[in-house]
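Structure first, then comments.
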Amino acid sequence: MHEVNLRIPGPVPLPDNIRAAIAAPVINHRGDSFAELFERMSHNMRTCLKTKSDVYFITSSGTGVMEMAVANTISQGDKVLCVSIGWFGDRFADIALAYGADVEKMRYDAGVAADADEVRAKLRELKNVKAVLITHNESSTGVCNPLKELCQVVRAESDALILVDAVSSAGGIELETDEWGIDVVTTAAQKAWIAPAGISVIAFSKKAWQAYEQSKVPKYYFDIGHYRQYGERKQTPFTPCVTAMFGLACTLERLGSGDIDNFIAAHSDVADKVRAGVRSMGLEILPHDVKYASNTVTAVKLPTDIDGVGFLRRALDEHRVEFGDGPGDLKGKVFRIGHLGWLDAKQIDGALEVASMLLSEMRG
Ligand SMILES: *Cc1c(COP(=O)(O)O)cnc(C)c1O
């Protein structure tokens, strides 16, 4: 049977070299070869995230490192501003609520990017904001926020920490952690990093460490202090998913030795191609302004005369192409095409062909 052409915004398909890497024998996570792996990966990840901050590899999905970002910087009752443009932004706000923050949420409609002027106005209205939570790339709607501008505004208007969900952007979309003044960046192996799920990444600035010292919320597994302590001996505090790390290490070896900017440019080219393909089918993308269209996932509006659920089912059953569904009440009205990580032209072109063919068939 043909493998499924997995066109969702993560987990991403893995090419042969990564599959071979993750098939390597398991190693002792307290031994010398792990320390070497850890050292190389940390160095390469800092290069890719454009940061001098400490980076840590955490055995969890992406949500775990979003939780770490919050749990290690705030205390109960702290004012937190969450700028949400969709499903993942809402999740960030829910995490802050779960830890007892006083959360103020700015919520934009599906397809709309956050507006820097509105964030400025909100920060002027609120007092003593401890942290601002921002999704870089909202995978549910295919919208990429103007993160640099948003960070500039937060820096200019407040003393707040900037915590960023870069889970589906880092590696594939421009992200200048230090230059843009981001305190905490989070990402996960199964997105642009061409690795299996199981390892996620958190970068933590000096200012974030100062906040950590004051943070009073209870935590244990996700207490970043353990990761700092063990990181000094190039280890993780708890047993890491070394198998996923082998895959991630492979991609990082390539990107960390100077290829990260080319990789980001390649994502931009592929995204242009996907958007052109969508236009040529006579369809529109969900983002209201193409300026904010994501370079890792494209959300496409289906014509109202098409049964969207049937479209996704037929793509999978008849053509082995698996697209993502629309978020929430856009289920069946929008479909998503993941184009991150392994940018294999055959798979991406093939998926576009299948979409185009099905659309003309289903429109009759
Ligand atoms: C995938 C993703 C996450 C994390 O999801 P997990 O399933 O926990 O790995 C968070 N934010 C965004 C924007 C994502 O795309």
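The values are calculated or read from the model by the stated rules, or taken from the named source; none is laboratory data. On a predicted model such as this, the values are computed, not experimentally measured, just so you know. Methodologically, a virtual Cβ is constructed for each residue, glycine included, from the backbone with ideal geometry; neighbour enumeration extends over all protein chains shown. Ligands, DNA and RNA are stripped out before the accessible areas are found, and what is left, the full protein with its side chains, is counted by its heavy atoms. Shrake-Rupley method; radii C 1.70, N 1.55, O 1.52, S 1.80 Å.
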- Residue-normalised accessible area of the chain, given per residue in Å² at a 1.4 Å probe: 41
- For the pair Arg254 and Arg313, what calculated FRET efficiency results from E = 1/(1 + (r/R0)^6), where r is the Cβ-Cβ distance and R0 = 35 Å, to the nearest 0.05? 0.45
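In whole percent, and with a 1.4 Å probe on the protein chains, what portion of the accessible area of the chain is carbon and sulfur?
It is 50 percent, rounded to a whole number.
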- Message: Please list, by residue number, everything in the range 87-103 whose backbone N is under 20 Å from a paramagnetic label point 7 Å out along Cα→Cβ of Tyr220.
- Response: 98-100
- Would you mind calculating the gained length between Arg233 and Ala276 on full extension (0.36 nm times residue separation, minus the Cα-Cα distance), in nm to one decimal? 10.6 nm
- Query: Given the rule -39500 (n - 2.57) for each run of at least 4 DSSP H residues, summed and divided by the residues of the chain, what is its mean residue ellipticity at 222 nm, to the nearest 500 deg cm²/dmol?
  - Reply: -13000 deg cm²/dmol
- Computed about the Cα centre, the charge dipole of the range 1-79 from +1 Lys/Arg and -1 Asp/Glu charges at the Cβ has a magnitude in debye, to the nearest 20, of 220
